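The values are calculated or read from the model by the stated rules, or taken from the named source; none is laboratory data. Every value quoted in this text rests on a predicted model; they were computed, and no experiment measured them. Cβ coordinates were reconstructed from backbone atoms using ideal geometry, including for glycine residues, and neighbour counts include every protein chain displayed.
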Amino acid sequence: MKQATYVSVGFWLATSLFALQMGFTAYAQLSLSQVAEAFEHLGFPDYFRIELSWLKLAGIAVLLAPAPARLKEWAYAGFAITLGSALYAHLSVGDGAAKWGWAAGTAVLGALSYFFFRKRDSKGVAAPSKPLAERIPGASGQAA
């Protein structure tokens, strides 16, 4: 198997697991009263929990859909800030590893996803050969 294939498999495996974990936390933040109570315990206002959930879902969409590399970089940065802040918030209120361990584990998945994303991007695996307007029939004003 070629190295590019290993990189692609590693990317999709890490990114899929990361997206599932972030998607679950977004769902839990929107739906579960225990999670709302946990946000209150950490000192966050209720609107922040809802805003964070929707931004996580938007970030997942950016990571999984064909999008410009720069936009994906912003999504990764947002997730890194979110997970680092979660870890800091739990440590600040004296929570044990059972409370902050998920953030650390998810951060490892995110770091693996980002590592493989950069490997794919540097090898040209992730980069399309033509601009988007040229890949969509009729988008550049020319007949297909």
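The C-beta contact set for region 81-98 (first residue on the phi < 0 side of the Ramachandran plot, second residue acidic (Asp, Glu), distance under 9 angstrom, 6+ apart or interchain) comprises ALA89/ASP95. Listed by first and then second residue, the pairs linking a residue in region 1-30 that is under 20 Å from VAL108 (Cα atoms) to a residue that is among the basic types (Lys, Arg) and modelled with pLDDT of 95 or more, with Cβ atoms under 7 Å apart and 6 or more places separating them unless they lie on different chains, are MET22/LYS56; THR25/LYS56; ALA26/LYS56.
Scan region 32-73 for residues that are under 13 Å from MET22 (Cα atoms) and among the basic types (Lys, Arg) and the total you get is 1. Among the residues that make up region 93-101, is at least one of them in contact with a Pro (Cβ under 6 Å, 6 or more places away or on another chain) and at pLDDT below 95? There is no residue in region 93-101 that is in contact with a Pro (Cβ under 6 Å, 6 or more places away or on another chain) and at pLDDT below 95. Of the residues making up region 70-96, those that are under 18 Å from LEU57 (Cβ atoms), under 13 Å from the mean Cα position of the chain (by Cα) and not hydroxyl-bearing (Ser, Thr, Tyr) are LEU71, LYS72, TRP74, ALA75, ALA77, GLY78, PHE79, ALA80, ILE81, LEU83.
Table: residues versus (1) at positive phi; (2) in contact with a helix residue (DSSP H, G or I) (Cβ under 7 Å, 6 or more places away or on another chain); (3) of a type in the set (Val, Ile, Thr).
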| site | (1), (2), (3) |
| --- | --- |
| THR5 | no, no, yes |
| SER8 | no, yes, no |
| ALA28 | no, yes, no |
| LEU32 | no, no, no |
| GLU37 | no, no, no |
| PRO45 | no, no, no |
| GLY59 | no, yes, no |
| LYS72 | no, yes, no |
| PHE79 | no, yes, no |
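Any residue in region 63-78 that is within 21 Å of SER92 (Cβ to Cβ) and at pLDDT 95 or above?
Yes, some residue in region 63-78 is within 21 Å of SER92 (Cβ to Cβ) and at pLDDT 95 or above.
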